[in-house]
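The values are calculated or read from the model by the stated rules, or taken from the named source; none is laboratory data. Remember, it's a predicted structure, so these values are computed and weren't measured experimentally. Note: ideal-geometry Cβ built from the backbone for every residue, glycine included; neighbour counts use all protein chains shown.
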Amino acid sequence: MYALPFRQGDKIVFIGDSITDKGRKTDPLQLGGGYVRVLHDYMWTAHPDKTLTIINEGTSGNRVTDLQRRWQLDVLDHKPDWLSVSIGINDVWRQLDAAHGEQVYPDQFEAVFRELLQTAVRETGCRLILMQPTVIKEITGSTGNELLRPYIAIVNRLANEFDAILVRTHEAFQAQLARQTGKPLTTDGVHMTTHGDMLMAVTWLDAVSQAAKPQESVCEEARESAPTFKR
């Protein structure tokens, strides 16, 4: 069982694109059928005493600039205790499928994302959880995955800047692809199969559970896992 840092009654808002959305608008619980639903079901099964409120505000097709337009209604108005953000795939995908349209390049992506996070922390005092963009095609060196690199670096940098929990989703997907299990993680190179949703959820739980551990315990784990060298 994962030890999680949430307090009783905490509200967790998830926001992002179609990977987060996953049909939430047709779901009676408004959670969709993706990684958010997996996390909801896990947390309510493993930690029912915490009575967490989990809200999915994913919207298909969104880029970071779309989040900007709905930040007040879909984030700030909820007054979350925790905010989990997964964004970046469409910011790159549009460069591939609509190259002549208006683009969100890395500099703008970082500036807008930073502004949104600053506003969320200032207005709600929430703790942040930032998820790396996953993959574009299940090929390590695909054009989409190469274009994702600076966006992933930005997410990593912002997580450090805001003392956020970083969920290394892209790295987890790349590691899983390298295992060549034969089990597809996506249906089309972007949208998740159940295996992809589970990998996202487990990677999220791994990262968030680390925040619940005392620093001494984390350091001890690092020492135990560090390689030893014989003289």
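For the stretch 41-91, which positions are over 16 Å from Val208 (Cα atoms) and β-branched (Val, Ile, Thr)?
Correct list: Thr45, Thr51, Thr53, Ile55, Thr59, Val64, Thr65, Val75, Ile87, Ile89.
Show the residue pairs meeting these rules: Cβ distance below 7 Å; 6+ apart or different chains; first residue within the stretch 105-116 and surrounded by fewer than 18 Cβ atoms within 10 Å (Cβ to Cβ); second residue modelled with pLDDT of 95 or more and in a helix (DSSP H, G or I).
Hits for this filter: Pro106/Pro150; Pro106/Tyr151; Pro106/Ile154; Arg114/Leu158.
Please return the ranges of helices (runs of 4 or more DSSP H) entirely within the stretch 1-112 where 1 or more residues are hydroxyl-bearing (Ser, Thr, Tyr) and under 16 Å from the mean Cα position of the chain (by Cα).
Counting at least 1 such residues, we get 18-21, 35-46.
One line per residue, one yes/no per condition, for (1) over 19 Å from Leu166 (Cα atoms); (2) hydrophobic (A, V, I, L, M, F, W, C); (3) touching a His at 6+ places or on another chain (Cβ under 7 Å):
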{"site": "Gly16", "(1), (2), (3)": "no, no, no"}
{"site": "Leu29", "(1), (2), (3)": "yes, yes, no"}
{"site": "Tyr35", "(1), (2), (3)": "no, no, no"}
{"site": "Trp82", "(1), (2), (3)": "no, yes, no"}
{"site": "Gln95", "(1), (2), (3)": "yes, no, no"}
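Cβ contacts < 9 Å: first residue buried (at least 19 other Cβ atoms within 10 Å of the Cβ), restricted to the stretch 118-134; second residue modelled with pLDDT under 95, any location; separation 6+ or different chain. Result?
What qualifies is Arg127/Ala211; Ile129/Ala211.
From (1) among the charged types (D, E, K, R); (2) over 17 Å from Val167 (Cα atoms); (3) surrounded by fewer than 15 Cβ atoms within 10 Å (Cβ to Cβ), pick out the condition that doesn't hold for Glu138.
Condition (3) is where Glu138 drops out.
Restricting to the stretch 151-200, give me the number of residues that are closer than 23 Å to Gly23 by Cα, among the β-branched types (Val, Ile, Thr) and surrounded by fewer than 16 Cβ atoms within 10 Å (Cβ to Cβ).
Going through the stretch 151-200 one residue at a time, the tally reaches 3.
Does at least one position in the stretch 60-75 carry a residue that is polar (S, T, N, Q), over 27 Å from Asn160 (Cβ atoms) and surrounded by fewer than 15 Cβ atoms within 10 Å (Cβ to Cβ)?
No: the stretch 60-75 contains no residue that is polar (S, T, N, Q), over 27 Å from Asn160 (Cβ atoms) and surrounded by fewer than 15 Cβ atoms within 10 Å (Cβ to Cβ).
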